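The values are calculated or read from the model by the stated rules, or taken from the named source; none is laboratory data. This one's a predicted model, so the numbers in the text were calculated from it and none came from an experiment. Heads up, the Cβs are rebuilt from the backbone with ideal geometry, glycines too, and the neighbour counts pull from every protein chain shown.
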């Protein structure tokens, strides 16, 4: 085959293929021509052209999250790679494998007034696992230096039982000419995966088992993570002994666990919160959405807090961390179960009974609620098809989702590494590009418009279905503490807009639907799902009523609350 004549690119592309990287998101440019020529001429790579770098970064993030394999991001020099930064930060905090490949000017031209030239090397220093530079012309005797750098980057990026994975960055200065080609023999070596054994500290494990067996009030809290049937089976075995709290993005499917944390704890009195206070807390996974559970555990902290995660240093989110196992959850709980007491606990029974009462109260409330953001999420809970992937935008979308008990074997995802507004549509887009499952994105109007360029490419997948909840500009500011008291709620906190979702859909050739009532929502959502193409359903909800309905929801539990625990 004919490919770029740049030896550093030939070497890089050969190594990436050998390690199983097959998807490349390319942001068009000129300085990155050697990388474009290299990847597009190689038959093993699937290449996607996405002009907007910020969108491209999040599309790659969605692909990598779904496949759990590194995705390459290729851009030109200058500000191009700065636009990747929001996605890089999200990938860093969620440990999603990305390989950023930035073309650059030769080093002698940096800070010399050349166009599209900035200080690119190590530009992501605070949010990257590795940042290095490949030499186009290695010094004699150092021909293998590039190879060592590439291998080190791949080893850090790719997740394993002893490595969480994440984003890495290789900067590549190129001299002109950029477009010359030469013959290159494509490798036929199959991809390889290194087998690594996962160790566990037996002394630390014995301590954890001893604490578990001597403790009566055990709470397990799962943060954001991919679904894992093996972990579900392990947790099910200990669910009568430990009170399991999870959220939609925990993707935990265990009967007898509490999925709606805020619904359970918000109405509790101080005395009841003291009763709920665990003696042992086990946590795993990424970030947790609920501010209430964070506040509860910081105030009513356990004597022992064990965090399980493959990470060098565990976060002390609840300010009570006593042990960290740098291991997978499967290994930890498998080892624990060999010697653990799994008999039923009155602590668990009490709080599962409370949760069951809450479910009954919510069922009554749902029958009386009027058309609103709350009812949109209620309808999504009823109608999203089994085994779909649901991507939740930040702010109101993800918070409303935590108020419902979801079924149908759904997988939930959200950009909760940095919890930003940017790249939400693009991330769902990237997810849909690499799966045949239906991907439903539930997003607010501001987040939708913020990421309009997500549609600006030729790879729009048919299985992406977008529900835009249009409440005219940031409903979250009406029910969090603070903004209402400033006198600047409507002028500076909310983002009122009269932009047209329909015009965006028409402009990018995407099917458009609109709903302004529950009956319309149900019928139009069916039409959205039935279409053999990507589509957008705009749901217009009453801005002023939304906050009041949510307040009534929590007020109902407080008004009907009885002292369940004594």
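Numerical summary
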item	result
Residues satisfying the stated conditions in the stretch 241-267, i.e. without any contact (Cβ under 8 Å) to a residue 40 or more places away in the chain and part of a loop (DSSP other than H, G, I, E, B)	246, 252, 254, 255, 257
Cβ pairs under 8 Å, 6+ apart, first in the stretch 539-566 and within 18 Å of residue 360 (Cα to Cα), second modelled with pLDDT under 90 and in a helix (DSSP H, G or I)	none
Test: residue 330 is over 30 Å from residue 397 (Cβ atoms), within 23 Å of the chain's Cα centre (by Cα) and assigned to a helix (DSSP H, G or I)	yes
From the options 220, 162, residue that is modelled with pLDDT under 95 and closer than 20 Å to residue 311 by Cα	162
Candidate set: the stretch 178-194, residues that are at pLDDT 60 or above and surrounded by fewer than 10 Cβ atoms within 10 Å (Cβ to Cβ); chosen: the one farthest from residue 17 (Cα to Cα)	183
Hits in the stretch 417-449 (condition: more than 16 Å from residue 394 (Cα to Cα), out of contact with any helix residue (DSSP H, G or I) (no Cβ under 7 Å at 6 or more places or on another chain) and assigned to a helix (DSSP H, G or I))	432
Verdict on residue 79 being surrounded by fewer than 22 Cβ atoms within 10 Å (Cβ to Cβ) and touching a strand residue (DSSP E or B) at 6+ places or on another chain (Cβ under 9 Å)	no
In the stretch 128-149, the residues that are at pLDDT 90 or above and more than 23 Å from residue 176 (Cα to Cα)	128, 129, 130, 131, 148, 149
